[in-house]
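Below is one structure, written out as structure tokens, with a few remarks after it.
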Amino acid sequence: MNADPTLDLEARAHTEHAQELRLWLRLLTCSQLIEKRVRTGLREQFDTTLPRFDLMAQLERHPEGLKMKELSHRLMVTGGNVTGITDQLVAEGLVERMAVEGDRRAFLVRLTPAGRSAFEHMATQHERWIVEAFEGLPPRDLDQLHQLLGNVKQHQLDINHRMDAAAE
């Protein structure tokens with residue numbers, strides 16, 4: 001199934017635009033296309049959403065649980081968003097809230113055994129979708145793309161660090 005070119009971010013770029021802008025739009029387009037596949041798969045196969053999957057992924061990495069504030073920070077969303085998703089997952093028996101000793105306002109959230117099992121099934125399929133997204137590239141190209149994007153990431157981290165230092 002081909003994507004509608006009118007919805008493709010790359011369609012905004014013209015040959016007279018800087019190569020960097022065209023590259024940025026291609027990266028965004030690829031990311032959005034892969035994310036759309038993942039969102040559709042999660043909805044159709046697991047009756048869940050990407051934000052729910054992401055929250056469960058954070059909890060899977062921290063079996064002892066995370067405070068709601070830490071979840072919000074890690075997911076880069078508001079506390080209200082985390083609370084709403086957590087409420088749903090608690091109602092379904094996939095996560096549990098526990099009081100934090102010494103802090104009556106804070107709660108620790110962790111996966112239940114049922115939540116861990118459900119997440120493992122989703123994560124396995126999620127990985128298949130991601131592998132499928134890149135299977136058209138030979139391993140050498142994957143390695144090169146990973147390296148090049150790592151360079152872009154490091155450069156942007158350096159820029160952000162300089163900006164943060166200048167703002168202080």
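The values are calculated or read from the model by the stated rules, or taken from the named source; none is laboratory data. Only a predicted model underlies this, so the values are computations on that prediction, with no experimental measurement involved. No Cβ is skipped: glycine too gets one built from the backbone with ideal geometry, and neighbour counts run over all protein chains shown. We work out accessible area using only protein heavy atoms, side chains counted, and drop any ligands, DNA or RNA first. Shrake-Rupley method; radii C 1.70, N 1.55, O 1.52, S 1.80 Å.
Does segment 142-149 contain any residue that is open to solvent by less than 80 Å² (accessible area, probe 1.4 Å) and either in contact with a Pro (Cβ under 6 Å, 6 or more places away or on another chain) or not aliphatic (A, V, I, L, M) (or both)?
Filtering segment 142-149 for residues open to solvent by less than 80 Å² (accessible area, probe 1.4 Å) gives 142, 145, 149.
Adding the requirement that they be either in contact with a Pro (Cβ under 6 Å, 6 or more places away or on another chain) or not aliphatic (A, V, I, L, M) (or both) leaves none.
Checking segment 142-149: not a single residue is open to solvent by less than 80 Å² (accessible area, probe 1.4 Å) and either in contact with a Pro (Cβ under 6 Å, 6 or more places away or on another chain) or not aliphatic (A, V, I, L, M) (or both).
Go through Val95, Val100 for me and flag whichever is in contact with a Leu (Cβ under 6 Å, 6 or more places away or on another chain) and surrounded by fewer than 18 Cβ atoms within 10 Å (Cβ to Cβ).
Numbers: Val95 fails: surrounded by fewer than 18 Cβ atoms within 10 Å (Cβ to Cβ).
Of the residues listed, the single one that is in contact with a Leu (Cβ under 6 Å, 6 or more places away or on another chain) and surrounded by fewer than 18 Cβ atoms within 10 Å (Cβ to Cβ) is Val100.
Kindly provide the set of residues from segment 21-65 that are in a loop (DSSP other than H, G, I, E, B) and among the β-branched types (Val, Ile, Thr), ordered by number. Step through it out loud before you land on a result.
Initial filter on segment 21-65 (in a loop (DSSP other than H, G, I, E, B)): 47-49, 62-65.
Across segment 21-65, the qualifying residues are Thr48, Thr49.
Here are some residues: His121, His73. Which one is farther than 23 Å from Gln45 by Cα, open to solvent by 30 Å² or more (accessible area, probe 1.4 Å), part of a helix (DSSP H, G or I) and not acidic (Asp, Glu)? Spell out the reasoning first.
Details: His121 fails: farther than 23 Å from Gln45 by Cα.
Of His121, His73, the one residue that is farther than 23 Å from Gln45 by Cα, open to solvent by 30 Å² or more (accessible area, probe 1.4 Å), part of a helix (DSSP H, G or I) and not acidic (Asp, Glu) is His73.
For segment 98-118, name all the residues that are charged (D, E, K, R), in a strand (DSSP E or B) and modelled with pLDDT of 95 or more.
Initially, segment 98-118 is screened for residues charged (D, E, K, R), giving 101, 103-105, 110, 116.
Those still in the list that are in a strand (DSSP E or B) too: 103-105, 110.
Listed by number, the list holds a single entry, Arg110.
Report whether or not Ala165 is among the small types (Gly, Ala, Ser), surrounded by 15 or more Cβ atoms within 10 Å (Cβ to Cβ) and on the phi < 0 side of the Ramachandran plot.
no
Return yes or no: is Phe46 under 19 Å from the mean Cα position of the chain (by Cα) and open to solvent by less than 40 Å² (accessible area, probe 1.4 Å)?
No.
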